[in-house]
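Here is the structure we will look at, set down as structure tokens.
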Amino acid sequence: MSDWELVTQARQGKMDAFAELVRRYQAPVMQFTFRMVGSAEDAEEIAQDSFIRVYRHLERLEPKAKFSTFLFGVARNLALNFLRDAKREGRQVTQSLEASAPIGSDAGRPDRTARLREMESAIERGLQLLSAEHREVLVLRELNGLDYESIAQVCECKKGTVRSRLARARNQLRQHMAGDIGDLV
Amino acid sequence: MSTEHVVDDLSAYLDGEAAAPENIAVHLRNCPECAHKYGELKKLSEQLRTLPAPDVSPAFLTRVMAQAREKAPRKQRLWFRFAVPLALAAVLAVVLIGGVFYVRSTPPAELPPSVIAMDKPTMPDDEIAIAELEAEWGVGEDAGLYEAEYSLGVEPEPSVDEMVVGLANTEWFDVLASNWETEDDVDTMLYALDDEETAILEQLLRAYAEEGRMI
């Protein structure tokens, strides 16, 4: 069943339909919010809030774009609000990323080498050093697999802007990683 | 082509979003420097995609759905309002069965006036007949009935008690009562009951006891 068919059912009060949408997108949205704010706890709260806000506006949603685009757009706005508030309050959000390691479950990946882990840490640190507008396009593209058109809708910018931001984001990330772990890159 | 331009084009080329991919492909075959940069970008992309996804808490879905139910639109709240007491009534049938001696040995509890009003029309017969005809023909719909009730100083809106008793005697009951499937659903409904809903449930159970019916 398509996302929009589930939305239609959810509008009619079928909670199971909305639950299916949550199941489909909880991991991708968590991936995005986590990479944006750097803390698993905050990311989960933002992801949950994103779903609730979407639920409250189901009646107003129109199938002009993908449902996921709308959902990521809400998550993106909430993540940016969080970062803005954190900055205003002087909270350091990038530190919590390292404190929250390990990310995911290493127990299921016995083959992970120390070198790979070091590389992952360097990427994570590099991502957090990017500006929010560069980080969001890179995460949406590389980790969420969105195309340029969808990223443009999520980030409320032009497709050409997505293209140039992605190029700069990749370049900056490589520079950060080269400075961090040198020849491992 | 400048280095900056090459980098910009290669990024879009990597994503399959370049404007002229065939030209870039030809350029890459003939330019070791750009081919090297493209290789670096490709490697970076592969490294990014190896990042593990954060664990999603097993309680994530439960928490979202609990909040969604709280913030459900009014239309759904109305459904929930009736589904909760009716479903709970079904669950508490065990309690009723267990306490059947008490129910039978106790004088019938008085039904609320609004419930009694359903059985004892407050309007003259001719006005009711007109109102029924209007409703049947779709001319006055409920307006005629309400106006007639107003003239007698009776609250025109059907009360919750009337609706509950009405629902309990219709096919809706089975539909609504079947909307819970697991014990967790019932627990959620139990926790969601407020004082008013509890009162509705009690009235429903009394109405059933009055009629000698079991759920």
Q: Would you calculate the separation in nanometres between label points at A:ASP147 and B:ARG63, each defined as 7 Å from the Cα along the Cα-to-beta-carbon direction?
A: 3.5 nm
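Which residues make up the longest stretch of chain A that has no GluC sites (Glu not before Pro) in a DSSP loop with at most 11 other Cβ atoms within 10 Å? List each step's numbers first, then the result.
Working: sites that count: A:GLU89, A:GLU156.
The answer is A:1-88.
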Q | Shape of segment B:3-49, Cα gyration tensor, a/c cut at 1.5 | A | oblate
Q: For the pairs A:LYS14/B:LYS71; A:LYS158/B:LYS37; A:LYS64/A:LYS159; A:LYS66/A:LYS159, note any where the Cα-Cα span goes beyond 19 Å.
A: A:LYS158/B:LYS37
Q: Would you look at the GNM of chain A, springs on alpha carbons closer than 10 Å, and say which of A:GLN175, A:GLN153, A:GLN12 moves the most?
A: A:GLN12
Q: Determine the relative contact order of segment A:1-101: mean sequence separation of Cα pairs under 8 Å and six or more apart, normalised by residue count, in whole percent.
A: 31 percent
Q) Counting Lys +1, Arg +1, Asp -1, Glu -1, what net charge surrounds A:ARG23 among other residues with beta carbon under 13 Å of its beta carbon? A) -2
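Within 10 Å, Cβ to Cβ, of A:LEU140, how many net charges do the neighbouring residues add up to if Lys/Arg are +1 and Asp/Glu are -1? Intermediate results must be reported in sequence, preceding the final value.
Values: positive: A:ARG35, A:ARG76, A:ARG135, A:ARG141; negative: A:GLU136, A:GLU142, A:ASP147.
Summing Lys/Arg as +1 and Asp/Glu as -1 gives +1.
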Q) Rounded to the nearest 0.05, what FRET efficiency is calculated for A:THR113 and A:ARG60 with R0 set to 60 Å and r the Cβ-Cβ distance? A) 0.75
Q: Quote the charge dipole size of segment B:3-49 about the Cα centre in Debye, to the nearest 20; the model charges only the Cβ of Lys and Arg (+1) and of Asp and Glu (-1).
A: 240 debye
(Q) As an exercise, use a Förster radius of 41 Å and the Cβ-Cβ distance of A:ARG23 and B:ALA35 to find the FRET efficiency, rounded to the nearest 0.05. (A) 0.45
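Readers should treat all values here as calculations from the given coordinates under stated rules, not as data from a laboratory. The structure displayed is predicted, hence computed values, not measured ones. Every residue, glycine among them, receives a Cβ derived from its backbone with ideal geometry; neighbour counts consider all protein chains shown.
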